[in-house]
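Only one structure is covered here, and it is reproduced in the block below.
The values are calculated or read from the model by the stated rules, or taken from the named source; none is laboratory data. Every value quoted in this text rests on a predicted model; they were computed, and no experiment measured them. All Cβ positions, glycine included, derive from the backbone under ideal geometry; neighbour counts span all protein chains shown.
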Amino acid sequence: MIELEHVSKTFPGQDVAAVGDLTFTIPEGESVVLVGPSGCGKTTTLKMINRLIEPTGGTITVAGRDVAQMEAHELRRGIGYVIQQIGLFPHRTIRDNIATVPKLLGWEKKRIQARVLELTDLVDLSEDMLTRYPSELSGGQRQRVGVARALAADPPVLLMDEPFGAVDPIVRTRLQDELVSLQARLNKTIVLVTHDIDEAIKLGDRVALLNIGGVLEQYAPPEELLRDPANAFVADFLGTDRGIKRLSLVPISQINLDPGPVLPRSAPVAEAREMMRRYQIDWAVVGGDGRIEGWFTENDIAGHDTLDRVHLLPFQTKLAATDSLQQALDAVISSHTAVAAVFDGERYLGMVTSEEISREIIE
Amino acid sequence: MIEFLGEVVAWFTDPANWTGVNGIPNRMWEHIQMSVLATTAAAALAIPPAVYLGHRRKGGVIAVAGVNMARAIPSFAIVAISLPFSIRLGLGLGFWPTFIALFFLAVPPFFTNTYTAVAGVDDALVESGRGMGMTQPQVVRRIEIPVASPVILAAARVASVQVIATATLAALVAWGGLGRYIIDGFATQDSVQVFAGGLLVAGLAVVAELGFSAIERWWLPRGLREPSEDIARVAA
Amino acid sequence: MIGLAQTQAQGVFRWDWIGRNIDAIWDRTVEHVVLTVVAVSVGLVISTVLSLIIVRYRKTYTPITWTTGILYTIPSLAALAFLVPITGLSHLTAEIVLVSYTLLILIRNIVAGIDGVPQDVLEAARGMGYTRRRRFIEIELPLALPVIVAGIRIAAVTVIGLVTVTSLIGLGGYGFFILRGLSLFYSPIGTTQILVGTALSVLLAVVVDVSLALTERALTPWARRKAPA
Ligand SMILES: Nc1ncnc2c1ncn2[C@@H]1O[C@H](COP(=O)(O)OP(=O)(O)OP(=O)(O)O)[C@@H](O)[C@H]1O
Ligand SMILES: [Mg+2]
């Protein structure tokens with residue numbers, strides 16, 4: 001857990017504070033993303049945690065210990081640190097780069113060796129890269145080495161300053177996904193700085209939205225931030241498409257599902273016609289008791305009395321209740337029927353409709 | 001020590017040291033005259049081919065070899081070697097061996113600095129000049145030489161200071177100049193005269209260095225202000 | 001006419017002189033090398049201290065480079081002239097002069113080398129908990145090494161040339177031959193000595209320069225392997 005209490009920083013020779021009076025808590029094992037416009041004090045805040053910048057006021061505690069009372073280099077050895085430019089040591093091999101902090105901590109050779117291999121595997125690098133120098137890797141590979149190096153001594157806390165800022169969008173997306181899955185396994189306390197709100201939403205358990213001068217405008221989980229911006233600044237920063245952004249964070253279970261135009265096998269065709277008229281559609285579904293067998297169109301039932309022999313089409317996409325509304329929207333848009341069926345395992349729950357999704361966006 | 005400095009002051013105030021062939025004015029004049037002659041001749045001979053080769057972006061090897069040779073061959077040796085040559089050519093002692101030595105000493109800084117500066121002119125700049133319809137000679141005169149001029153000026157500073165320093169050694173090949181005081185003083189164990197000669201030479205060199213630096217600063221167009229490196233600087 | 005040219009050509013360079021003076025050449029080689037090594041080493045120590053002061057207190061850069069610049073500008077013969085009345089015709093005199101020429105070159109390169117260490121690398125080092133001292137030794141120094149060695153090479157080659165001038169105070173290494181050759185300028189023996197002294201001095205400079213370059217290559221393996229980024 002990291003606690004900032006009334007933390008402030010005014011750089012020498014400056015009139016205005018880079019960070020005025022900042023108080024917030026980063027819970028253990030969570031990832032918190034600091035986001036905000038350029039120059040708002042994100043980097044300053046981050047660097048005060050590992051004392052690369054000394055605060056001019058307030059206190060910061062990491063795991064209950066006041067960082068000001070600790071030896072700066074001891075503190076830093078216990079906190080992983082990743083920066084945009086990565087800062088790999090050009091004169092050391094990848095192996096030695098990853099081993100940096102364990103060596104500083106005086107680990108035994110064997111332990112370091114084992115740890116390096118473990119990390120190589122963790123960040124998906126190949127072992128033959130270990131004997132290379134940083135100039136012999138691609139940008140994305142270097143960034144992975146940077147993460148591996150920060151994780152080397154298994155620090156409980158990881159600070160990252162725009163870690164994916166210098167790589168191209170495709171690699172960035174991959175690295176973001178990797179970080180998410182890494183975090184799912186490692187449960188570090190992560191503080192990550194970015195100015196990309198989408199990255200913040202994707203990576204943060206919580207997002208701290210800062211304004212110029214280090215003013216904390218809102219501190220909330222991404223979904224809450226998008227659903228309920230605290231003020232105009234936040235709403236503006238999130239953008240007009242914040243409703244759509246939020247879809248990726250809301251599970252389907254959050255909205256009302258339509259039971260759907262479902263009829264039993266035994267239903268007469270007339271009833272199917274009636275159902276279609278009511279729904280103003282040209283198709284319906286056969287099922288019941290939490291199961292569905294498939295769907296048919298108006299054309300399919302011509303010449304039948306009941307639905308018994310009607311040829312049924314399978315559903316293309318099956319959504320789970322835990323899937324996001326964004327996935328639901330995808331499915332709805334790309335399906336012929338303009339709805340998508342939602343299941344809990346094999347059990348049919350209902351249909352997502354575009355009306356329900358857009359109601360959620362507008363809310 | 002104080003006593004010694006007193007004697008040095010006395011040397012400088014002795015009217016006998018201000019008149020005649022061995023007086024300070026004449027020796028200073030000889031030193032400056034020789035330095036200017038040798039430096040100017042070197043500039044006249046080294047700059048045109050360096051500009052040409054730099055413009056064609058050819059001859060980098062000569063430029064690099066030039067600096068390295070200039071550094072590796074002691075200036076003392078250049079002075080010494082020029083003596084038997086001068087005699088063999090029937091030019092005798094004194095002026096010619098000194099001139100030849102100083103000339104050869106000053107060529108590499110001029111050549112290398114000029115070449116490097118001209119060849120180093122941003123390609124985009126040259127291309128845009130050509131794009132506006134400049135001929136090759138116009139590119140050289142209106143773009144490459146002006147842009148390279150600060151570095152060429154730096155070469156003049158480096159070469160002059162070095163020539164002034166080495167001209168001191170010319171006393172060894174029977175030329176005059178301020179070196180006489182030092183060399184003759186060594187021979188007669190007159191440490192006051194040695195010291196005084198040292199002061200004069202050092203003063204002249206420092207004045208040349210500072211003077212050229214001032215000219216360089218004044219000359220440099222505002223747009224080109226960045227520290228120029230002394231590419232071919234050699235100690236003497 | 002042809003005969004005269006031949007005798008002259010034979011007379012220009014006396015190979016036999018070398019054979020007869022092997023011992024003297026060896027002695028002067030040792031002298032030349034010792035003068036050079038001492039000067040560059042002492043110069044390196046002083047320059048390192050001054051560079052560290054500059055890196056720590058930036059304001060000292062201008063005064064220090066200005067002072068060493070003046071030292072560099074003072075002709076070697078003038079420097080000898082200043083010192084002989086004080087320290088006599090001694091090794092000390094020679095070394096002071098030689099060292100004073102290395103300072104500007106070495107300081108510029110050491111400072112440039114340290115300044116050239118990328119900021120992000122330094123920040124990463126700090127962020128991972130390097131102490132100041134350890135960071136300097138393990139990160140800054142190795143990364144500055146190529147530029148520092150470049151300075152040492154220039155300084156060494158410069159000093160090797162300047163050593164010859166100290167022949168005027170009775171030392172000089174190979175310069176001894178050049179000076180003696182000058183006093184015998186009218187004879188082929190004189191010319192031979194000038195040429196031998198010069199050639200050996202140049203040879204020594206080249207050997208030292210190449211050895212330092214090779215040493216640097218061996219010490220900086222990372223700078224050699226460059227793959228497409
Ligand atoms: N060393 C410094 N000296 C003086 N002012 C500084 C210093 N470092 C940062 N600042 C100022 O403090 C403010 C906050 O800077 P900071 O680097 O924390 O911004 P940031 O939020 O990380 O911005 P960005 O997204 O552009 O990286 C800025 O106004 C900046 O100019
Ligand atoms: Mg920043």
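Annotations
- Residue match in segment C:103-121 (condition: closer than 17 Å to C:L171 by Cα and buried (at least 16 other Cβ atoms within 10 Å of the Cβ)): no
- Matching residues in segment A:154-205 - criterion: being within 16 Å of ligand 2 (Cβ to nearest atom) and either farther than 19 Å from A:G36 by Cβ or within 14 Å of chain C (Cβ to nearest Cβ) (or both): A:L159, A:M160, A:D161, A:E162, A:P163, A:G165, A:A166, A:V191, A:V193
- For segment A:267-363, the strands (runs of 3 or more DSSP E) that sit wholly inside it and include 2 or more residues that are among the aliphatic types (A, V, I, L, M) are A:283-288, A:318-320, A:339-344, A:347-353.
Condition check ((1) β-branched (V, I, T); (2) within 14 Å of chain A (Cβ to nearest Cβ); (3) outside any helix (DSSP H, G or I)) across all residues:
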{"position": "C:I96", "(1), (2), (3)": "yes, no, no"}
{"position": "C:V99", "(1), (2), (3)": "yes, no, no"}
{"position": "C:R133", "(1), (2), (3)": "no, yes, no"}
{"position": "C:E140", "(1), (2), (3)": "no, yes, no"}
{"position": "C:I154", "(1), (2), (3)": "yes, no, no"}
{"position": "C:V159", "(1), (2), (3)": "yes, no, no"}
{"position": "C:L162", "(1), (2), (3)": "no, no, no"}
{"position": "C:F177", "(1), (2), (3)": "no, no, no"}
{"position": "C:I189", "(1), (2), (3)": "yes, no, no"}
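- Residues that are charged (D, E, K, R), surrounded by 15 or more Cβ atoms within 10 Å (Cβ to Cβ) and over 17 Å from A:L203 (Cβ atoms) within segment A:220-241 comprise just one, A:R227.
- Checking segment B:117-135 against the condition returns no match, with no residue being within 14 Å of another protein chain (Cβ to nearest Cβ), without any contact (Cβ under 8 Å) to a residue 24 or more places away in the chain and on the phi < 0 side of the Ramachandran plot.
- Only listed residue being surrounded by fewer than 21 Cβ atoms within 10 Å (Cβ to Cβ), away from ligand 1 (no atom under 16 Å from the Cβ) and within 27 Å of A:K202 (Cα to Cα), chosen from A:T59, A:T25, A:T93: A:T25
- Candidates A:Q113, A:Q143, A:Q183, filtered to the one that is at pLDDT 90 or above and either touching a Pro at 6+ places or on another chain (Cβ under 9 Å) or not in a helix (DSSP H, G or I) (or both): A:Q143
- Within segment A:206-219, tally of residues that are surrounded by fewer than 19 Cβ atoms within 10 Å (Cβ to Cβ) and under 14 Å from the mean Cα position of the chain (by Cα): 0
- Taken together, the criteria place C:G129 among residues that are on the phi > 0 side of the Ramachandran plot, of a type outside the set (D, E), within 14 Å of chain A (Cβ to nearest Cβ) and buried (at least 17 other Cβ atoms within 10 Å of the Cβ).
- The listed residue being at pLDDT below 95, away from ligand 2 (no atom under 13 Å from the Cβ) and not aromatic (F, W, Y), out of A:V7, A:V16: A:V16
- Count of segment C:72-82 residues which are part of a helix (DSSP H, G or I) and either more than 9 Å from every other protein chain (Cβ to nearest Cβ) or touching a residue at least 24 places away in the same chain (Cβ under 8 Å) (or both): 4
- The residues of segment A:173-205 that are among the charged types (D, E, K, R), crowded, with 19+ Cβ neighbours inside 10 Å and more than 13 Å from ligand 1 (Cβ to nearest atom), listed by number, are A:K188, A:K202.
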